[in-house]
Amino acid sequence: MKKAINPLQIVLDRLGCCDPVNGALFLWNEVNNWPPHTLEILVRSGLLQPTQPVATIECNGCEENCIMPVIIYPTQCNKPGRAFINCDKRDDIGRVPVNFHHMEQWQATDDLVAKLLTKLLKLSQTLTQKIDDKQWHIGTLLGNKHRSLITLLTGETISLSFSGHIVPLINILSIKDNMLVLDKTTLIRLVNSPANQGGAETPEVRRERLKTRIREEKAKGTKAFLQMVAKEEGISVSRLKQIRDNDIRLKENTQKNSSMVDLLLNAQQAGSKKSRA
């Protein structure tokens, strides 16, 4: 029994092993064998985008199926544009017409995946951050008990990292009712159940992360940097300030307490000297 083609699996697998700069390419003769409407769904969702047509193509002029350059005559006056292969391998072939559609190709990139996830999670596109060629910060997902920063991990396996979990994207992304859908229920459940203590962000770790984000936006010249970070975190600006300034208050209280302890010690020592006298 022939195994059914899973275009979504094909796209993510190829993207995981391709050059991150150029992305993964899919030619017409490949996508033409995908289930009906799949290409349209992936393009409409933003996972694939049309790119420059190919300059060489597999010739079907004979059984050799050579890879040959395509010659294009553009549209002139009333003459439609033409594309063909000029066979120089055999004397009995000559020109082989090429359908322009057969030269089409589509591209998938890490950037497109990051934008797709941001859209499916209904997060702000402006908050998506590329950390390096292997990591993208998508945004913060709020659960009932916890919240977690969602990180897209690219590489051999396209995955999401959050709350101590690493989930292959193919496990939670699927085509249903002619559209791409993300299993957000599973994501929320995992956010509410951190895999380990490192997955549950402590108040101290959260505060340092937010302070770092504030510094980053301020350094970039973002005018409303506090509003941007607060929106990213899903909290108010006043709450963000409270979290940011909490360690300052803690240090002030610690200094005050230290001063009081010093005063008490000095008083006790002075009292001891008087009693001896």
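The values are calculated or read from the model by the stated rules, or taken from the named source; none is laboratory data. These figures come from a predicted structure and were not determined experimentally. Cβ atoms come from the backbone with ideal geometry, glycine included; neighbour counts cover every protein chain shown.
Summary table below
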quantity	calculated
Any strands (runs of 3 or more DSSP E) falling wholly within region 21-87 and containing at least 1 residues that are among the polar types (S, T, N, Q)	49-51, 56-58, 82-86
Enumeration of residues in region 122-154 that are assigned to a strand (DSSP E or B), among the charged types (D, E, K, R) and over 9 Å from the mean Cα position of the chain (by Cα)	D132, R147
Residue list for region 155-167, filter: in contact (Cβ under 8 Å) with a residue 24 or more places away in the chain and part of a strand (DSSP E or B)	L160, F162, H165
Selection status of G221, on the phi > 0 side of the Ramachandran plot and surrounded by fewer than 17 Cβ atoms within 10 Å (Cβ to Cβ)	yes
Any hit, region 22-44, residues being exposed (fewer than 12 other Cβ atoms within 10 Å of the Cβ), at pLDDT 90 or above and in contact with a helix residue (DSSP H, G or I) (Cβ under 8 Å, 6 or more places away or on another chain)	no
Count of residues meeting criterion [closer than 30 Å to L15 by Cβ and out of contact with any His (no Cβ under 8 Å at 6 or more places or on another chain)] in region 42-84	26
Residue check, V11 surrounded by 14 or more Cβ atoms within 10 Å (Cβ to Cβ), within 32 Å of the chain's Cα centre (by Cα) and in a helix (DSSP H, G or I)	yes
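Yes or no, residue by residue, for (1) buried (at least 17 other Cβ atoms within 10 Å of the Cβ); (2) farther than 30 Å from V31 by Cβ; (3) in contact with a strand residue (DSSP E or B) (Cβ under 7 Å, 6 or more places away or on another chain); (4) among the aromatic types (F, W, Y):
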residue: H101; (1), (2), (3), (4): no, no, no, no
residue: D111; (1), (2), (3), (4): no, no, no, no
residue: L117; (1), (2), (3), (4): yes, no, yes, no
residue: K122; (1), (2), (3), (4): no, no, no, no
residue: T128; (1), (2), (3), (4): yes, no, yes, no
residue: I131; (1), (2), (3), (4): no, yes, yes, no
residue: I138; (1), (2), (3), (4): yes, no, yes, no
residue: L142; (1), (2), (3), (4): no, yes, no, no
residue: L149; (1), (2), (3), (4): yes, yes, yes, no
